[in-house]
Structure formats: C-alpha cells, structure tokens
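Undergrad: Please see the structure below; I have some questions.
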Amino acid sequence: MSVSTEICAPLAVLGHDVRVPLATGEKVAYAALDYAASAPALQRVWDDVAAYAPYYGSVHRGAGYLSQLSTDLFEQSRRTVAEFLDLRDGDQVVFTRATTDSLNLLAGVLPAGTRVFAFETEHHASLLPWRREGLGVTYLRAPRSHAEAVAALDEALAGAGEGPKLLCVTGASNVTGELWPVAELTATAHRYGARVVLDAAQLAPHHRVSVRELGVDWVAFSGHKLYAPFGAGVLAGRADWLDAAEPYLAGGGASRTVAREADGSVAVEWHRGPARHEAGSPNVIGAYAIASACRALGEAGLDALQAREEFLVDRLRAGLAEIPEVRVLSLFGTDAPRVGVLSFVVRGWNSSHFSAALSAEYGIGVRDGLFCAHPLVRTLLGGEEAAPSECGAPEASLPGERSLNAIRVSFGAGTPEEHVDRFLAAVRELVTDGARWTYRNEGGRCVADTGQAA
C-alpha cells in the first residue's frame with residue numbers, strides 16, 4: 001500500500017543517510033525512531049542557520065550592521081512564531097531554552113496564592129514547576145477518557161474557591177501520544193475563572209496549534225522537538241501576568257534603566273513585553289531555527305503532514321496488534337487518536353534489553369524507561385514487573401519499589417515508511433527468535449557484548 005507517499009513525502013532531515021555499526025561490525029542505515037525526545041533538524045532549518053551564521057551579531061546591543069541585521073531577524077522570528085501559533089492581538093512570544101524553561105518561567109510569574117491544577121499524567125516539565133512557595137498545586141488522578149478528564153477538572157475547580165487559578169495540561173502525551181481534549185478542558189477552566197497553559201511540546205510538531213481556536217492562555221513548546229535542535233523554546237500568550245511580575249532573570253536586556261539612589265541602593269525600571277523575561281544575550285540562532293521550522297512546516301502543509309503521520313500510526317498499530325506478546329500502553333483506549341508516539345511492553349522481555357537489541361542488531365533507535373513521566377508510566381504498567389534479562393533489570397526509582405519500564409517508539413515529518421516497516425519486522429523477529437547477541441550491564445544500560453553472539 002502506497003497511500004502515504006501519495007499523501008506527502010517525508011521532509012528532508014539531517015541524519016537520514018547516517019550509517020551506524022551493529023554488534024556484528026557491519027553498518028546499516030540508522031532508523032531514528034526517538035523523535036519524542038529530540039527530532040532531527042530539518043534540512044531547511046540547517047540551511048537557513050548556516051546562511052545566517054556568518055552574519056551573527058548580538059541583538060539589541062549595537063549600531064553596527066550585523067547587530068542590526070540580527071535584531072531584525074530575531075524580532076521577525078518572534079512574529080513568525082506568533083503567526084504559527086495563531087496568537088491573539090496583545091499576546092506575547094517569549095524565547096526561552098525549552099518547554100521546561102518556559103513552564104518554570106510561568107510558574108515564577110504567577111500571582112501569590114495561585115492554585116495550580118495538573119493531571120498526574122503530565123511530563124515532569126509540566127508536573128513539577130508549580131511546587132514552590134506561594135503556590136498551591138492539586139494533582140488530578142489519571143483519567144481513562146476525555147469525558148472523565150473534563151469531569152475531574154470541573155469537580156476540582158468547583159471546590160477551589162476564589163483567587164487566581166491555573167490549569168496546566170498537555171496537548172499530546174509524551175508516553176502514549178494520545179491527544180487530550182484541550183478545548184473542552186479550557187472551556188471548563190474558563191467557566192471557573194481559571195487560566196490554562198498548554199504544554200505543546202509533543203503536539204506542535206505534529207498538529208496545527210491555534211491559541212485563538214483552543215482558547216488557552218499560554219502555550220509552551222521546545223525547538224528541539226520541532227525539528228530545530230538549537231537550544232531554544234517558546235512561552236507565548238497573555239501579557240498581563242508576565243508584565244506584572246519580577247523578571248525571570250535579572251540583568252541586561254530586562255532592565256530599562258538602572259540608577260544609584262542617594263542611600264547607595266540601586267533602583268531599576270524593568271522593560272515591559274518579552275524583553276522583561278529575556279535577560280542576557282538571547283539565543284538568536286535558536287530563535288531563528290524555530291522560526292525556520294515553523295515556516296517549513298507551514299509551507300509543507302500541516303494537514304498533509306498530519307495525514308501522512310496518521311497513516312504511519314495506523315500501520316504501526318496494526319503491525320504491533322499482530323504480535324500477541326506486545327502490549328501497547330494507553331489511557332483512553334488503543335484506538336484513541338494519537339500523534340506519532342507509542343509506548344509498549346513485550347511479555348518475557350526487559351524493556352532495556354529489548355531496546356538494546358533493536359539498536360545493536362538492527363540499527364533502530366528507540367527509547368526505554370519512564371520517559372520523565374514516572375506517575376503516568378507506573379499507572380499504565382499497573383505494577384507489572386520488568387522481566388529479568390541477562391544484563392539485569394534497571395534499578396527502581398524509589399527504595400523498595402519494583403523495577404518498571406517501557407519502550408517508546410516515536411516518529412514525525414522526516415520518518416520514511418521503511419523505518420516503521422523495519423521496526424515491526426525487528427520486533428517480530430526478536431519476539432519469535434530472541435536476541436542473537438549477548439548483553440551486559442554497563443553504567444545501568446544494556447549494551448551488546450561485542451564478540452559474544454548468543
């Protein structure tokens with residue numbers, strides 16, 4: 001079946017022709033199926049960055065040509081991101097280091113006494129920043145349907161009382177890839193006067209994100225998941241709380257004027273707008289790379305890219321469903337809509353061992369573990385203990401806890417159909433025939449014991 005190529009060809013990415021060594025010593029083309037951790041750079045992004053690099057200069061700092069050019073490019077990048085996210089009039093785009101940085105920034109500007117609500121299913125980046133003095137945080141249990149998620153939030157907010165409130169919710173799970181009912185949760189939150197920040201780290205690379213249509217107050221995402229791995233991220237949305245708070249970082253760029261007082265102290269007037277939270281010399285190349293990725297995805301057609309990805313997701317699901325030993329992890333049911341992210345366990349296999357075999361024997365890169373979403377993975381595994389392996393199960397995260405982990409496969413706009421087929425064939429072969437190599441524990445990881453065929 002060739003529907004996927006008729007829908008949309010994969011976008012050109014760096015590393016598509018990289019060859020990696022196997023345990024046997026031979027080399028094969030690498031199948032990168034760990035996009036959920038960091039996606040490869042689009043070739044378009046790399047070309048844009050390379051073309052700009054000789055003209056790099058410090059922004060907002062100089063009268064020289066390179067500084068002026070860099071400033072214009074930096075601010076145009078901000079406008080490009082605003083268009084990509086379909087922001088409202090008056091919304092701001094603040095460049096950060098990543099989603100984690102963006103959400104910690106927002107946590108630092110929340111008014112004192114803000115009640116924060118988050119489902120325990122969140123990535124740690126959107127689960128942990130709210131645990132600070134002056135804020136109250138309520139963690140909601142893992143829902144098993146969209147309706148249950150909305151009902152749980154409604155009940156929690158109904159008893160929250162007056163005062164500022166914030167819901168932090170993911171758009172797509174970094175563990176299961178499942179889509180969350182963002183618009184419905186936002187409507188519920190707004191009925192109670194609560195604001196919403198959307199963690200779009202896994203959503204933005206796969207789906208169109210319209211802040212205007214979803215109604216969320218802020219959105220956060222990372223460049224390195226949006227095919228722009230140059231150390232930048234975005235926090236975009238309402239300006240009022242950002243402008244009212246002390247700067248995230250104190251220093252040059254955030255300050256409008258600084259003066260010595262008669263008593264020897266220093267008086268500071270801070271900027272309003274994005275500069276207030278972008279102290280220091282900003283990551284111009286990272287911001288430009290994000291903007292380049294936004295343009296490239298828009299020009300390729302997000303709807304076409306999404307249709308192609310849905311074809312690959314269906315192909316992956318169907319292939320894994322044919323292997324009885326494989327259990328796909330899901331909150332909302334195995335047929336729930338999802339982006340190109342899927343986690344699973346294999347009966348009789350330690351997940352670290354299985355992932356190591358995929359790499360060492362097939363040249364396929366996936367991820368194993370708890371994926372910085374420990375409560376969610378533990379819930380999905382339901383206390384299932386990792387199978388032992390010759391290289392030993394990984395250590396438990398908590399004293400006295402059984403070792404739990406899973407395998408995650410993830411892909412995106414640059415993934416060829418052949419990589420998904422290779423992965424499915426490798427899984428079937430490992431389940432049927434076992435590993436062809438022996439493995440040992442090295443620094444807590446399973447690695448092939450070169451020269452020791454099974």
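The values are calculated or read from the model by the stated rules, or taken from the named source; none is laboratory data. For clarity, every value in this text was computed on a predicted model and none was experimentally measured. Here the Cβ is made from the backbone with ideal geometry for all residues, glycine too, and neighbour counts use every protein chain on show.
Undergrad: Return the pairs, sorted by first residue and then second, in which the second residue is among the basic types (Lys, Arg), the first residue lies in segment 287-312 and is more than 19 Å from residue 102 (Cβ to Cβ), the beta carbons are less than 6 Å apart, and the residues are 6+ apart or on different chains.
TA: Taking only residues 6 or more apart or on different chains, the pairs are 296/44; 302/208.
Undergrad: Next question, about the same structure. Which condition number in (1) under 22 Å from the mean Cα position of the chain (by Cα); (2) without any contact (Cβ under 8 Å) to a residue 24 or more places away in the chain is the one that residue 415 fails?
TA: That leaves (2) as the condition not met.
Undergrad: If you don't mind, another one. How many residues does segment 147-189 hold that are assigned to a helix (DSSP H, G or I), surrounded by fewer than 18 Cβ atoms within 10 Å (Cβ to Cβ) and small (Gly, Ala, Ser)?
TA: 5
Undergrad: I've got another one for you. Can you tell me which residues in segment 301-349 are modelled with pLDDT of 95 or more and of a type in the set (S, T, N, Q)?
TA: Matches in segment 301-349: 306, 330, 343.
Undergrad: If you check 224, 207, which single one turns out to be in the same structural domain as residue 293 (by TED's automatic domain parsing), in a helix (DSSP H, G or I) and either more than 22 Å from residue 86 (Cβ to Cβ) or within 18 Å of the chain's Cα centre (by Cα) (or both)?
TA: None of the others qualify; the one that does is 224.
Residue by residue, here is whether (1) in contact with a strand residue (DSSP E or B) (Cβ under 7 Å, 6 or more places away or on another chain); (2) among the aliphatic types (A, V, I, L, M); (3) not in a strand (DSSP E or B) holds:
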residue	(1), (2), (3)
11	yes, yes, yes
16	no, no, yes
28	yes, yes, no
40	yes, no, yes
48	no, no, yes
57	no, no, yes
61	no, no, yes
67	no, no, yes
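Undergrad: Of everything in segment 42-67, what is charged (D, E, K, R) and closer than 26 Å to residue 227 by Cα? Give them in sequence order.
TA: Across segment 42-67, the qualifying residues are 44, 47, 48.
Undergrad: While we're looking at this one, here's another question. All but one of (1) part of a helix (DSSP H, G or I); (2) at pLDDT 95 or above hold for residue 352; which doesn't?
TA: It fails just one condition, (2).
Undergrad: Does residue 292 qualify as being of a type in the set (Gly, Ala, Ser), farther than 25 Å from residue 448 by Cβ and surrounded by 18 or more Cβ atoms within 10 Å (Cβ to Cβ)?
TA: It is true that residue 292 is of a type in the set (Gly, Ala, Ser), farther than 25 Å from residue 448 by Cβ and surrounded by 18 or more Cβ atoms within 10 Å (Cβ to Cβ).
Undergrad: Within segment 405-454, track down each residue that is hydroxyl-bearing (Ser, Thr, Tyr), closer than 12 Å to residue 353 by Cα and surrounded by fewer than 17 Cβ atoms within 10 Å (Cβ to Cβ).
TA: Listed by number, the list holds a single entry, 438.
Undergrad: Another question, then. Looking at segment 75-100, which of its residues are of a type in the set (D, E, K, R) and over 19 Å from the mean Cα position of the chain (by Cα)?
TA: Of everything in segment 75-100, those that are of a type in the set (D, E, K, R) and over 19 Å from the mean Cα position of the chain (by Cα) turn out to be 75, 78, 79, 83, 86, 88, 89, 91.
Undergrad: Next up: Could you tell me which of the residues 213, 278, 261, 269 is among the charged types (D, E, K, R) and modelled with pLDDT of 95 or more? Break it down stepwise before answering.
TA: On the way: 278 fails: modelled with pLDDT of 95 or more; 261 fails: modelled with pLDDT of 95 or more; 269 fails: modelled with pLDDT of 95 or more.
From the options 213, 278, 261, 269, the qualifying one is 213.
Undergrad: Any residue that is touching an Asp or Glu at 6+ places or on another chain (Cβ under 6 Å) and under 15 Å from residue 125 (Cβ atoms) - is there at least one of those in segment 173-189?
TA: There is no residue in segment 173-189 that is touching an Asp or Glu at 6+ places or on another chain (Cβ under 6 Å) and under 15 Å from residue 125 (Cβ atoms).
Undergrad: Just checking, how many residues over segment 13-36 are closer than 23 Å to residue 303 by Cα and touching a Lys or Arg at 6+ places or on another chain (Cβ under 7 Å)?
TA: Qualifying residue count, segment 13-36: 2.
Undergrad: How many of the residues making up segment 229-252 are assigned to a loop (DSSP other than H, G, I, E, B) and touching a Phe, Trp or Tyr at 6+ places or on another chain (Cβ under 9 Å)?
TA: Selection size over segment 229-252: 6.
Undergrad: Further, regarding this structure: Can you tell me how many residues within segment 243-261 are touching a residue at least 24 places away in the same chain (Cβ under 8 Å) and acidic (Asp, Glu)?
TA: Residues flagged as touching a residue at least 24 places away in the same chain (Cβ under 8 Å) and acidic (Asp, Glu) within segment 243-261 amount to 2.
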